[in-house]
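Coordinate-derived values only; no laboratory data. Owing to the predicted nature of the structure, the values given are computational and were not obtained by experimental measurement. Cβ sites come from the backbone with ideal geometry, for glycine too, and all protein chains shown count toward neighbours.
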Ligand SMILES: Nc1nc2c(c(=O)[nH]1)N[C@H]1C(S)=C(S)[C@@H](COP(=O)(O)OP(=O)(O)OC[C@H]3O[C@@H](n4cnc5c(=O)[nH]c(N)nc54)[C@H](O)[C@@H]3O)O[C@H]1N2
Ligand SMILES: Nc1nc2c(c(=O)[nH]1)N[C@H]1C(S)=C(S)[C@@H](COP(=O)(O)OP(=O)(O)OC[C@H]3O[C@@H](n4cnc5c(=O)[nH]c(N)nc54)[C@H](O)[C@@H]3O)O[C@H]1N2
Ligand code: SF4
Ligand SMILES: [Mo]
């Protein structure tokens, strides 16, 4: 096979494979295999654009061959969460899972079975997919909605443009005269391989780059001409004030607004105080954001005067209470400056550029009853009510039907069930490709909930904080030990084919093979499990019109799709609006969103607004917990994955970043042990005293493994011990909206 290149005389075979955890990338890996072991990992050495791996992908041998890999199925012997297990045979483990599942189904019905699935593996086959297919065949299950990554950005994209395909190709950044990177740190978060390279080239070309972030991020440090620190959760106020300046000084692109948008008059009324008597001036925004009024005014003038300019609004400021408002305000600002549908501009929004899945924009439908029902095929959801006027009735969003539980409320739902207003009384959870205890907000509530379950199965590669709570842990292989196809993370035009490099280690199996073995025990028809892995992958490839030759992609390990020109989202809507309306109700960009107006809920206003919440910097709670916690993504991990890989783990100390002003006021020295706490929990980790974070804000990088001591103090530094489990009204997760206090710990 062409995918196996043998190096003569060295008995080494190079397998074309890839890396596909949930990390902002999806990269080419070449595994050098000798005697059935991976002895070296290279990345893309082929044609441009190369899809090169980061440190984590290159360190994968330490994850693959980690002494901590789960080797055998395990059954709990101690108390829930105590972490004591005994190894059992696959037959024993699977028999027990099947028996317990059948009992729960017979006693409580299928809705008592919750699937907690996440993106631990980003291949199109392995991970959550087979488990979902199996549970569906078993009569259905309760599932969750609300994506931690981008639910706020997606909501705003749907409201403004009626679609989530809003990005331009990365190479189009070079056509811009100015880049505004708002709460966006691709130097760390990748955001498709090659993005940092393109920003570096933009800098070389002299394109002005502004970064807006409470932290002097690696992106700010590496690329920015100007760094603007901003108080977390207040970005919408700054964006709104920029719109104020632009309209007050008549700097808007009026022909664009007239031709392509609706509702500026309503926004104007809010900006100029007709609605609430408050003029949304830069001085108004300064008091909220801590950004000097002159800086806001200057940026507004520069942005409107530097057309084409790309304002890229990252997802993190929207991973917050009322985070949707920030995304909406950014989208609207790109519209009133006419930076949409043109080379060098950028329709700020969800950011997907290329996708073979949505080749055409579909028109919005006013009446949900006219929509073809979104068939999930899950019997538990058969009679679930759609949400009237929900944005998700437009196409492209996740579907929060009445049978689903928002991801942040899973623990509350387990603990309170139907009596608490949830659609089901949950008795068991099947967790796959997720480290939910660590990654969902409010870890202590998570512990209570996992303890309350009758039965918990976890398919995992490692004994994660979540797996420790399982009754049965099933050991899963890694992407080096099976084959898969992976689409790009965001929207670059390529696919990775991950050829299996080595046999499964120990007794580990793929999620697919686990379900294949479990299905007959559950007495269900084989469904997809009657096909081999390769047959299923061929089927997946056949469903994608842009994969012309499965065998060639498999042999090469990658399919790079050549496009005639860079993608510019909404180019046709702008050049030929008659024939290409936006897929919104009005057919235009909605500064004022009709769907939102129909919801008639002040918490989801039809125009973007700044709204404080119960953990805002000026809320009553801030008197007790005066620091704002943000929880950014770490270079050395993808969430909690790679946490236990020494080559990555040892590259930096996990700590809470705090400004010297706040540290001195609390008697905290650099590297000293501190307690970060609030009414939800307490974390004890070292302090990183640094001017790279603004005063009043602290950062604990999300993903470190929860490790409570006997007093319940987390020594691992899991950010979610401190975060709240209340979603924003538009579905955004609230992980960047937590108030905390920091004090020296009693330990030295
Ligand atoms: N190395 C690495 N890369 C990853 C991941 C990872 O875990 N590790 N995870 C991947 C996944 S699944 C996702 S969804 C993405 C997430 O990508 P993002 O959501 O963009 O990543 P974050 O690090 O949370 O935030 C980006 C920047 O926003 C800043 N920020 C936080 N709050 C605010 C705010 O209120 N206002 C402003 N202006 N800025 C703010 C942070 O300081 C940070 O520098 O990353 C992907 N890439
Ligand atoms: N405080 C805070 N919390 C956050 C965030 C934040 O910014 N702040 N970000 C959120 C975001 S954007 C995301 S996407 C989530 C991510 O949350 P998760 O998806 O839960 O996080 P991961 O660490 O990626 O965990 C995935 C698990 O899948 C396992 N895994 C990998 N491959 C496979 C496989 O093939 N099969 C099986 N069965 N398991 C596999 C890994 O070992 C890992 O334990 O976290 C969210 N949590
Ligand atoms: S972790 Fe992500 S960015 Fe790094 S090599 Fe793997 S796929 Fe690429
Ligand atoms: Mo994410």
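Odds and ends about this structure:
- Taking all Cα pairs closer than 8 Å and separated by 6 or more residues, the relative contact order of region 620-744 comes to 35 percent.
- Packing-based ranking, highest mean first, of 44-56, 190-202 given that Cβ atoms within 10 Å are counted: 190-202, 44-56
- Relative packing of peptides 281-294, 130-143 - highest average C-beta neighbours within 10 Å first: 130-143, 281-294
- Kirkwood-based shape ratio for region 620-744, expressed as Rg/Rh from alpha carbons: 0.95
- Relative to the dominant Cα principal axis of the chain, helix 511-522 is inclined by about 60°.
- Reduced Cα scattering model of region 491-645, Debye log10 I(q)/I(0), q = 0.08, 0.12, 0.16 Å⁻¹: -0.60, -1.08, -1.08
- Relative packing of peptides 301-313, 707-719, 520-532 - highest average C-beta neighbours within 10 Å first: 301-313, 707-719, 520-532
- Counting only alpha carbon atoms, the long axis of helix 293-305 and the longest principal axis of the chain meet at about 90°.
- Whether region 40-146 is rounded, prolate or oblate, judged on the alpha carbon gyration tensor where a/c under 1.5 counts as rounded: oblate
- Relative exposure of 485, 496, judged by other C-beta atoms within 10 Å (fewest first): 485, 496
- The order of 451, 500, going from fewest to most other C-beta atoms within 10 Å of their C-beta, is 451, 500.
- Cα long-axis angle, helix 533-542 against the chain (0 to 90 degrees, to the nearest 10): 30 degrees
- Residue list for region 40-82, given a label point 7 angstrom along the Cα-to-Cβ vector of residue 7 and an amide N cut-off under 12 Å: 40-42
- Sorted by Cβ density within 10 Å, fewest first, the residues 149, 543: 543, 149
- Shape of the chain, Cα gyration tensor, a/c cut at 1.5: rounded
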